[in-house]
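The values are calculated or read from the model by the stated rules, or taken from the named source; none is laboratory data. A quick note: this is a predicted structure, and the numbers were derived from the prediction, not measured. Please note: Cβ atoms are built from the backbone with ideal geometry, for glycine as well, and neighbour counts cover all protein chains shown. For the accessible areas, the whole protein counts, side chains as well, though only heavy atoms, and no ligand, DNA or RNA atoms are used. Shrake-Rupley method; radii C 1.70, N 1.55, O 1.52, S 1.80 Å.
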Amino acid sequence: MKNNKLSIVEDLMSACEEATGSKEKALCAVRALCKKFGGQIIYIPFKESKKITAEYLRKVLVHSAGESNGEKMLLRIMILMGGVQIYIPMEYRAFRDEIAKEIYEKYDSSRNKMSELCNEHRISFAQLYRLWQRGKALKINKENEK
């Protein structure tokens with residue numbers, strides 16, 4: 001059975017990718033949404049709405065993908081999901097493997113870096129360690145496939 005929380009992320013990804021034609025920009029934008037609103041239920045306003053939620057979404061999308069792309073993404077999301085409340089999952093849950101790879105690459109075994117990464121991803125040390133292990137396993141699997 002598919003996790004509904006993560007299917008919302010997939011829907012957001014496809015909406016953003018349709019709007020811009022770029023998977024990388026869509027990934028960056030949806031990760032930014034999960035980082036900013038993760039763990040919350042937010043209302044997606046209709047296209048013509050000037051609600052404050054639309055402004056919050058606009059700011060996050062424009063900051064992560066640029067002015068033009070952010071506007072296109074917001075319009076697409078509002079067309080597809082307008083008038084609905086959706087739960088935005090935490091970034092570390094929705095993008096677990098991507099974050100695990102990043103943590104594995106960035107972590108240099110220093111205490112300062114560990115604190116930086118915990119603060120950056122808003123996770124505990126235990127979660128950071130689990131993600132680091134996951135990143136290590138993913139890297140080993142990738143090398144074994146070659």
Some residue of the stretch 75-94 being without any contact (Cβ under 8 Å) to a residue 24 or more places away in the chain, on the phi < 0 side of the Ramachandran plot and either in contact with a strand residue (DSSP E or B) (Cβ under 9 Å, 6 or more places away or on another chain) or open to solvent by 20 Å² or more (accessible area, probe 1.4 Å) (or both): no
Options ILE99, ILE123; residue that is part of a loop (DSSP other than H, G, I, E, B), open to solvent by less than 70 Å² (accessible area, probe 1.4 Å) and free of Cβ contacts under 8 Å to residues at least 60 places away in the same chain: ILE123
Residue tally, condition open to solvent by 30 Å² or more (accessible area, probe 1.4 Å) and not in a loop (DSSP other than H, G, I, E, B), over the stretch 36-63: 12
Sole exception among (1) at pLDDT 90 or above; (2) open to solvent by 40 Å² or more (accessible area, probe 1.4 Å); (3) among the hydrophobic types (A, V, I, L, M, F, W, C) for LEU131, by number: (2)
Residue check, LEU128 among the hydrophobic types (A, V, I, L, M, F, W, C) and in contact with a Phe, Trp or Tyr (Cβ under 9 Å, 6 or more places away or on another chain): yes
Hits in the stretch 95-114 - residues which are in contact with a helix residue (DSSP H, G or I) (Cβ under 8 Å, 6 or more places away or on another chain) and more than 19 Å from ASN141 (Cβ to Cβ): LYS106, LYS113, MET114
Verdict on GLU18 being assigned to a helix (DSSP H, G or I), open to solvent by 20 Å² or more (accessible area, probe 1.4 Å) and either within 30 Å of LYS142 (Cβ to Cβ) or without any contact (Cβ under 8 Å) to a residue 12 or more places away in the chain (or both): yes
Failed criterion for ASN112 (all others in (1) at pLDDT below 90; (2) in contact with a strand residue (DSSP E or B) (Cβ under 8 Å, 6 or more places away or on another chain) hold): (2)
